[in-house]
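S.K.: The structure is given below, and queries will be raised subsequently.
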Amino acid sequence: MYSTKNISCFKYGTLPDGVKLASALKFTVLAMGLHLIADSAALASPLPPSPITNTTPVNAVCGYANGGSYYAAPWTIYGAVSAAVCNTGALGTDSGSGPWSWSCLGQSGGATAYCAANLKQDGVCGPAGNAPTSSAPATALCSIGSPSAVTGTDTWNWTCSGVNGGQTTQCTGFQQQAQGFVVPTGSYTSNAAQAEQAQLCSNAQSYPAQWTWDPNNTIQQPRAATAADNLTPRIDQVRNGVVIATYGSFGSNGNTCNPNYEVNGYLNPQPAASSGCGPFGHMTHIDIFRLWQNGDTFLVYPAVYTGNQNNIFIGPMLANYTDTGTVPANITIQGVTVNGIRPVILDPIAILWDFTSAQAPIYIFGGGTADTNSTNIVIENIDLAADTNIGFGGMSAVYVNGGTDITLRQMRIHGFEQASGNTGGTNGIFSTPNNTGTLTLDQIELYENGGWYGPRHNAYINASAVDPNFTVHMTNSWSHDAYYGHLFKSRAQVTIMEGNYFQGGLPQGGDYAQAENYLLDVPNGGQLTMRNNVLVKNASGLGSNGAMITFAVEGADNRVQSVDIENNTFMAFAATYDGYHPIWPFFFWNGVVPGTSGYVLSTPSGDVVPSTVVSNNAFVGLCPNASAAQSYRGDTQETTAFSEIKPDFSFSNPALSYDIVQAGTPAYSHEAQTGLLRQIITSGSFQYLPFGAEDQ
């Protein structure tokens with residue numbers, strides 16, 4: 001990842017749309033994207049003027065987030081390049097952890113605007129609910145917000161109001177029992193869950209319809225551009241804060257691109273761009289030399305990028321005929337949001353085989369080692385979509401074949417599933433054994449990818465052939481509606497999943513007679529960390545599978561082995577996945593329960609008892625049976641009823657326990673993006689949310 005200390009500064013220059021900065025600036029990367037921060041101490045010698053200028057002063061105007069209340073900084077929610085942050089002008093300084101303040105810089109000497117927003121907080125129950133008391137609590141009722149009156153007798157109830165428009169939270173305390181109440185097994189099943197489970201598992205009661213998110217109560221990612229928007233593709237190449245070239249496509253127009261301009265073209269890429277060359281093309285005899293320089297940022301404006309000129313093909317390239325080659329590093333390709341619309345790379349039938357030749361619409365490659373791989377490549381705020389009536393013939397939508405520390409952020413990747421007539425179908429994301437470091441996936445939505453050939457999945461991450469610590473780390477993401485394959489498959493040496501929503505579902509219908517197989521498949525083991533996720537499984541159909549998480553089911557290979565599955569919520573909306581066989585949460589190697597005889601996973605050191613923690617998870621709708629493996633729930637677990645689940649996946653009926661880390665107590669809850677509500681499915685429309693569960 002970038003750090004501000006090693007990124008070059010500039011004295012003056014011009015940003016997109018003529019935003020001229022009179023003071024020195026430097027780039028910095030925040031959790032949600034790239035933005036600019038003023039740094040008057042970083043003055044350097046003047047650079048050549050930008051090819052795009054605007055001499056008319058324009059005063060900056062704060063965006064619509066000014067004066068509002070938010071759960072996170074507006075530039076984190078909407079992105080730094082957003083009308084929510086700055087309606088006119090570029091984001092300058094920003095500060096605060098709530099409330100927040102920021103500035104929008106005027107253009108060409110125009111006035112700076114100063115903006116502010118408040119911190120919105122949901123009510124949070126106080127310590128009074130952490131342990132049973134002999135009388136109704138009167139103090140420590142709320143950690144955040146104001147308490148209501150306490151009601152009830154042996155069970156105490158109150159609410160904590162939200163702050164600055166946040167939601168009110170229901171809180172519960174319990175009367176102390178004569179001899180105390182301790183769960184001997186470290187597990188708890190509510191009375192409602194016991195009654196509900198008996199009805200559901202005997203088919204005496206129907207399961208509720210699977211929930212989806214209410215779009216009126218979600219923070220939406222920007223929508224993808226469509227042909228109806230009639231937007232013109234535009235890609236600005238920014239170097240040291242100055243726009244040095246503007247392109248009309250990612251790849252090159254073979255009829256007009258002049259390869260002669262590409263010789264040392266990275267020094268001044270505008271002539272090549274003007275002739276129809278692209279910065280990331282791969283056409284034979286055309287895209288011979290690179291137009292990028294390490295550290296460049298490419299701002300991609302909203303439009304539909306399609307045709308055989310719009311692959312992103314990034315890897316080592318030459319600068320001229322005598323060059324030995326340059327490995328790309330520290331390059332950011334960032335979609336720009338305008339009026340709530342962001343760019344999309346679309347795969348129609350006309351470019352099917354062209355995309356196949358590059359393996360994917362986005363293809364990142366290198367030599368397979370840390371010093372020869374494309375390094376620190378960030379792609380964000382760009383959608384990838386395919387026409388599901390065609391079937392995609394490449395390897396995946398994103399193909400990483402020689403990358404080190406690659407980041408994909410704020411993207412929808414969808415439609416690459418097997419098409420009607422059993423043609424095509426591929427992975428949403430695929431990585432080969434040639435990668436090192438960490439593959440970071442943040443705020444990614446994966447859906448309608450996969451197929452029987454392979455099979456293919458929403459995401460398929462292979463182990464590294466050279467890096468024993470190669471890691472895939474997915475956060476705040478949503479994987480759903482895979483066809484035939486898994487919602488996520490990882491053979492990586494280290495797999496970390498935090499704050500994600502793995503939403504299994506029903507078959508799509510028609511040719512799609514089955515939905516996903518596993519929610520998360522880690523077939524060779526390794527080091528698995530699974531925390532604060534929500535995992536949902538439904539009747540996925542004949543030929544699928546009932547396990548939610550698998551670990552080392554193909555056999556653990558000779559690598560470090562460990563399991564840490566904590567603070568997750570597992571929900572089943574059907575008793576069986578195919579009308580015959582049960583849905584269950586964990587499938588470990590050889591169907592053996594951790595901690596029992598036969599649970600043996602080898603490690604390079606020769607140890608046979610790897611670290612295994614399965615604890616503090618919650619379960620809803622799952623039916624126990626005679627199989628110890630299928631009925632295994634781990635330690636300190638809670639089983640609760642559908643009626644006891646709050647819209648944020650926390651629980652309204654915590655366990656009665658002195659142990660405040662007991663699953664279900666106020667110290668343990670799962671929270672979706674604050675402010676979300678759930679609803680019964682009323683249409684086929686699925687809306688994106690930046691889903692983040694957290695341990696409170």
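The values are calculated or read from the model by the stated rules, or taken from the named source; none is laboratory data. Computed from a prediction, not measured in an experiment: that's the story for all the values here. Backbone-built Cβ (ideal geometry, glycine too); neighbour counts: all protein chains shown. With ligands, DNA and RNA removed, areas are computed over all heavy atoms of the protein, side chains included. Shrake-Rupley method; radii C 1.70, N 1.55, O 1.52, S 1.80 Å.
S.K.: Go through (1) modelled with pLDDT of 80 or more; (2) open to solvent by 50 Å² or more (accessible area, probe 1.4 Å) one by one and return the number of the condition Gln220 breaks.
M.R.: (1)
S.K.: Then there is this: Under the condition of being open to solvent by 30 Å² or more (accessible area, probe 1.4 Å) and of a type in the set (A, V, I, L, M, F, W, C), which residue from the stretch 107-121 is nearest to Met411 (Cα to Cα)? So that I can check it myself, show each step before the final result.
M.R.: From the stretch 107-121, those open to solvent by 30 Å² or more (accessible area, probe 1.4 Å) are 109, 111-112, 114, 116, 118-121; that's our starting set.
Imposing the further condition that a residue be of a type in the set (A, V, I, L, M, F, W, C) reduces the set to 111, 116, 119.
Working: Ala111: 34, Ala116: 28, Leu119: 26 Å.
Among those residues, the one meeting the criterion is Leu119.
S.K.: Looking for something at pLDDT 75 or above, over 35 Å from the mean Cα position of the chain (by Cα), within 22 Å of Phe619 (Cα to Cα) and open to solvent by 40 Å² or more (accessible area, probe 1.4 Å) - is there at least one such residue anywhere in the stretch 172-193?
M.R.: Within the stretch 172-193, one or more residues are at pLDDT 75 or above, over 35 Å from the mean Cα position of the chain (by Cα), within 22 Å of Phe619 (Cα to Cα) and open to solvent by 40 Å² or more (accessible area, probe 1.4 Å).
S.K.: Quick check on my filter: what residues within the stretch 341-365 are open to solvent by 10 Å² or more (accessible area, probe 1.4 Å), of a type outside the set (D, E, K, R) and at pLDDT below 90?
M.R.: Answer for the stretch 341-365, where residues must be open to solvent by 10 Å² or more (accessible area, probe 1.4 Å), of a type outside the set (D, E, K, R) and at pLDDT below 90: Leu346, Pro348, Ile349, Ala350, Leu352, Trp353, Thr356, Ser357, Gln359.
S.K.: Take the stretch 321-333 and flag every residue that is of a type outside the set (D, E, K, R) and farther than 28 Å from Pro233 by Cα.
M.R.: Filtering the stretch 321-333 down to residues of a type outside the set (D, E, K, R) leaves 321-322, 324-333.
Tyr321, Thr322, Thr324, Gly325 - these are the residues of the stretch 321-333 that are of a type outside the set (D, E, K, R) and farther than 28 Å from Pro233 by Cα.
S.K.: Which of the residues spanning the stretch 244-299 are small (Gly, Ala, Ser) and assigned to a helix (DSSP H, G or I)?
M.R.: Step one: filter the stretch 244-299 for residues small (Gly, Ala, Ser), giving 245, 248-249, 251-252, 254, 265, 272-276, 278, 281, 295.
Of everything in the stretch 244-299, those that are small (Gly, Ala, Ser) and assigned to a helix (DSSP H, G or I) turn out to be Gly265, Ala272, Ala273, Ser274.
S.K.: Looking only at the stretch 490-517, count every residue that is over 19 Å from the mean Cα position of the chain (by Cα) and of a type in the set (Phe, Trp, Tyr) and tell me the total.
M.R.: So the count comes out to 1.
S.K.: Consider Gly450 against the criteria (1) open to solvent by 10 Å² or more (accessible area, probe 1.4 Å); (2) in contact with an Asp or Glu (Cβ under 8 Å, 6 or more places away or on another chain): it satisfies all of them except one. Which criterion is unmet?
M.R.: Just one mismatch for Gly450, condition (1).
S.K.: Does Thr326 satisfy the criteria of being more than 27 Å from the chain's Cα centre (by Cα) and without any contact (Cβ under 8 Å) to a residue 12 or more places away in the chain?
M.R.: Details: more than 27 Å from the chain's Cα centre (by Cα): yes; without any contact (Cβ under 8 Å) to a residue 12 or more places away in the chain: no.
Judged against the criteria, Thr326 is not a match.
S.K.: Sticking with this one: Any residue in the stretch 480-494 that's of a type in the set (Ser, Thr, Tyr): show its pairings with residues that are part of a loop (DSSP other than H, G, I, E, B) and surrounded by 24 or more Cβ atoms within 10 Å (Cβ to Cβ) at Cβ separation under 6 Å, as long as the two are six or more apart or on different chains.
M.R.: The qualifying pairs are Tyr483/Gln418.
S.K.: Right, here's the next one. Out of everything in the stretch 429-447 that is open to solvent by 20 Å² or more (accessible area, probe 1.4 Å) and part of a loop (DSSP other than H, G, I, E, B), what residue ends up being nearest to Thr369 (Cα to Cα)?
M.R.: Asn434
S.K.: Could you run through the stretch 518-535 and say how many residues are assigned to a loop (DSSP other than H, G, I, E, B), open to solvent by 10 Å² or more (accessible area, probe 1.4 Å) and not polar (S, T, N, Q)? Before the answer, list the steps.
M.R.: So the first thing to find is which residues in the stretch 518-535 are assigned to a loop (DSSP other than H, G, I, E, B), and the list is 518-519, 523-526, 532-533.
Adding the requirement that they be open to solvent by 10 Å² or more (accessible area, probe 1.4 Å) leaves 518, 524, 532.
Pick out the ones that are also not polar (S, T, N, Q) and you get 518.
Total satisfying the criteria: 1.
S.K.: Is there a residue being under 27 Å from Ser82 (Cα atoms), buried (at least 23 other Cβ atoms within 10 Å of the Cβ) and touching a residue at least 40 places away in the same chain (Cβ under 8 Å) anywhere in the stretch 254-277?
M.R.: No, there is no match, as no residue in the stretch 254-277 is under 27 Å from Ser82 (Cα atoms), buried (at least 23 other Cβ atoms within 10 Å of the Cβ) and touching a residue at least 40 places away in the same chain (Cβ under 8 Å).
S.K.: Also, quick follow-up: Criterion first (open to solvent by less than 30 Å² (accessible area, probe 1.4 Å), modelled with pLDDT of 90 or more and over 26 Å from Gln514 (Cα atoms)) does Ile645 satisfy it? Even if it seems obvious, please write down each step before you answer.
M.R.: Working: open to solvent by less than 30 Å² (accessible area, probe 1.4 Å): yes; modelled with pLDDT of 90 or more: no; over 26 Å from Gln514 (Cα atoms): yes.
Here the answer is no, as Ile645 does not meet what is asked.
S.K.: With the requirement that a residue be open to solvent by less than 20 Å² (accessible area, probe 1.4 Å) and out of contact with any Phe, Trp or Tyr (no Cβ under 7 Å at 6 or more places or on another chain), what does the stretch 624-638 give you?
M.R.: Residue satisfying the conditions is Gly634 alone.
S.K.: Looking only at the stretch 549-563, count every residue that is open to solvent by 10 Å² or more (accessible area, probe 1.4 Å) and either assigned to a loop (DSSP other than H, G, I, E, B) or at pLDDT 90 or above (or both) and tell me the total.
M.R.: Step one: filter the stretch 549-563 for residues open to solvent by 10 Å² or more (accessible area, probe 1.4 Å), giving 553-560, 562.
Okay, now just the ones that are also either assigned to a loop (DSSP other than H, G, I, E, B) or at pLDDT 90 or above (or both), so 553-560.
Number of matching residues: 8.
S.K.: Let me ask something additional. Of all residues in the stretch 79-106, which are in a strand (DSSP E or B), open to solvent by 20 Å² or more (accessible area, probe 1.4 Å) and not small (Gly, Ala, Ser)?
M.R.: Listed by number, the residues that qualify are Asn87, Thr88, Thr93, Asp94, Leu105.
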